[in-house]
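To start, the structure under review is shown below, and the notes come after it.
Throughout, read-outs are computed from the coordinates displayed, never taken from laboratory work. These numbers come from a predicted model, not from an experiment. In this analysis, Cβ positions are derived from the backbone assuming ideal geometry, glycine residues included, and neighbour counts consider all displayed protein chains.
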Amino acid sequence: ERLLSAGAPMDPQEFQVHYSPLMHAASYGHVEACKYLIERGANVSARSFYNGTALHYAAAKGQVEVCQLLLDYGADPNSFAEWGGTPMEWALETFEIEAAKFL
């Protein structure tokens, strides 16, 4: 909260790292943190160095509740990552069957 209040960047391109805070929160299932970041301007469509979105990372870790939240905020379930498919495909690749079924 303090970092965001001080103007810390939220998307990977803004601070030249591989993943955004939203992507990290999504992959670890931190629903409230994801909601907080999105409501303060985090881009649900931002791409990582590997071209995945927060939805890709949530799906790959089986975070169904986060997947739902991201979809509610406009994430594209058909978004194709240049390095390997849709969020559903990422879920299947990591054997996260419930997330794949959800998507």
Problem set entry | Sorted by Cβ neighbour density within 10 Å, fewest at the top, the residues Ile38, Ile97 | Ile97, Ile38
Seminar exercise, completed: quick shape note, region 57-103: Cα extents on principal axes in Å, largest first -> 24, 21, 14
Exercise. What's the local net charge at Leu70, with K and R +1, D and E -1, over the other residues with C-beta under 11 Å away?
Worked result: -2
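Dipole of region 48-103, Cα-centred, from +1 at each Lys and Arg C-beta and -1 at each Asp and Glu C-beta, to the nearest 20 debye? Kindly include the intermediate steps, with their values, before the conclusion.
Numbers: 2 positive and 8 negative charges, 8 e Å.
The dipole of region 48-103 has a size of about 40 debye.
Given R₀ = 25 Å, what would the calculated FRET efficiency be for Thr94 paired with Glu39, taking r from the Cβ atoms and rounding to 0.05?
0.35
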For this session: Could you tell me which trypsin sites (Lys or Arg not before Pro) in region 26-63 are loop residues by DSSP with no more than 14 other beta carbons within 10 angstrom of their beta carbon?
Result: Arg40
Exercise. For Met88, what is the net charge nearby, where nearby means another residue's Cβ is under 15 Å from its Cβ and Lys, Arg count +1, Asp, Glu -1?
Worked result: -3
